[in-house]
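Participant: Please find one structure pasted underneath; my questions will follow.
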Amino acid sequence: MIARQVVEGFIVGLHKSPFHGFSVEFAEHRQYNNGESIKHIDWKLYGKTDKLFVKRFEEETNLRCQVVIDNSSSMYFPVKNNLSIDNPNKITFSIYCAAALIYLLKKQRDAVGLSLFSDDIEVHTPCKSSPVHHKYLYQLLEGMLEPISNDRYKKTSTTKALHQIAENLHKRSLVVIFSDMFENTEYTKDLFSALQHLKHNKHEVILFHVVDKSKELDFDYDGRPYKFIDMESGRQLKLNPLEIKEKYIESMENFKKELRLRCGQFRIDFVEADINKGFHNVLLPYLMKREKFF
């Protein structure tokens, strides 16, 4: 229900914007071609339109989309007591974005699969467009909304996971990634190699860099002592944020700059997705990418 509300609200806004030309009327049929079997002709539609249309099936879908979500502990930042669609952390934001995309894909008769990873692949489903499959994906996402213990540390192995996902995608697909890209390695070149691997087999890739911009990029904290806890190891550090703010921001800017540069080199769409800015900045880049896919 929430996914539908997000998408319908977005589409209403789209019709009022300069992007009103995007296709948001979703076809479930294609025109009948002479010589084809008449088995799947929609005769009720023929009675209404006096034209022959054939019902579309999964193997005829326009697009295959694999939605990939980073489910490591760092994605559960910031820790909040009352998580909701209006007050999300990074994983909650990613889940609702994924649900909205799945709803869009369903309406467009496209096939969709879901991959979840932390230090290993946790879930990897094939791309399908059946109602049963959509229900299964929503159940998986809903289960991820359940709160987890603060002392449950799940590290990140984005490099390993993306290589495995690339190996498992045998047909050309649109790969949509939701991750903060905080890799548990000091060798960022391995991470970029994994991103490049996804471009094999002519896949198109969108990387939504999920962040809490005010806290993680701008380091917007009061000038008093804090205890910072590494959510993937439990390591603790006590300090005054003002003492390191300048160097921290410089380091994060350099990381994001290199990530954006490498994505550009590999022809991967890089989109900063601030969890405090809503879903428009996710759904619009997806629609624009879909328009260019064919």
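Participant: If we keep just the residues of segment 66-114 that are modelled with pLDDT of 90 or more and of a type in the set (V, I, T), which is farthest from H209 (Cα to Cα)?
Facilitator: That would be V112.
Participant: Quick check: anything in segment 208-223 open to solvent by 60 Å² or more (accessible area, probe 1.4 Å), of a type in the set (A, V, I, L, M, F, W, C) and more than 18 Å from R260 (Cα to Cα)?
Facilitator: No: zero hits.
Participant: If you scan segment 229-243, which residues turn out to be surrounded by 11 or more Cβ atoms within 10 Å (Cβ to Cβ) and either at positive phi or in contact (Cβ under 8 Å) with a residue 12 or more places away in the chain (or both)?
Facilitator: Within segment 229-243, M231, E232, S233, G234, L239, N240, P241, L242 qualify.
Participant: Here is a further query. Tell me which residues, restricted to segment 154-165, are surrounded by fewer than 20 Cβ atoms within 10 Å (Cβ to Cβ) and not in a loop (DSSP other than H, G, I, E, B).
Facilitator: Residues satisfying the conditions are K160, H163, Q164.
Participant: For segment 119-153, enumerate the residues that are of a type in the set (G, A, S), under 19 Å from S233 (Cβ atoms) and open to solvent by less than 50 Å² (accessible area, probe 1.4 Å).
Facilitator: None - no residue of segment 119-153 is of a type in the set (G, A, S), under 19 Å from S233 (Cβ atoms) and open to solvent by less than 50 Å² (accessible area, probe 1.4 Å), so the list stays empty.
Participant: Out of all the residues in segment 193-206, which are more than 10 Å from L162 (Cβ to Cβ) and within 18 Å of the chain's Cα centre (by Cα)?
Facilitator: Taking segment 193-206 as the starting set, the residues that turn out to be more than 10 Å from L162 (Cβ to Cβ) are 199-204, 206.
Selection gives K199, H203, E204, I206.
Participant: Being part of a strand (DSSP E or B), within 13 Å of the chain's Cα centre (by Cα) and of a type in the set (V, I, T) is the filter here, so list the residues in segment 87-141 that pass it.
Facilitator: V112
Participant: Among the residues of segment 264-275, how many are of a type outside the set (A, V, I, L, M) and touching a helix residue (DSSP H, G or I) at 6+ places or on another chain (Cβ under 7 Å)?
Facilitator: Going through segment 264-275 one residue at a time, the tally reaches 4.
The values are calculated or read from the model by the stated rules, or taken from the named source; none is laboratory data. Nothing here was measured: the structure is a model prediction, and the numbers come from that model. Don't worry about glycine lacking a Cβ; one is built from the backbone with ideal geometry, like all the others, and counts go over all protein chains shown. Heavy atoms of the whole protein, side chains included, go into the accessibility calculation; ligands, DNA and RNA do not. Shrake-Rupley method; radii C 1.70, N 1.55, O 1.52, S 1.80 Å.
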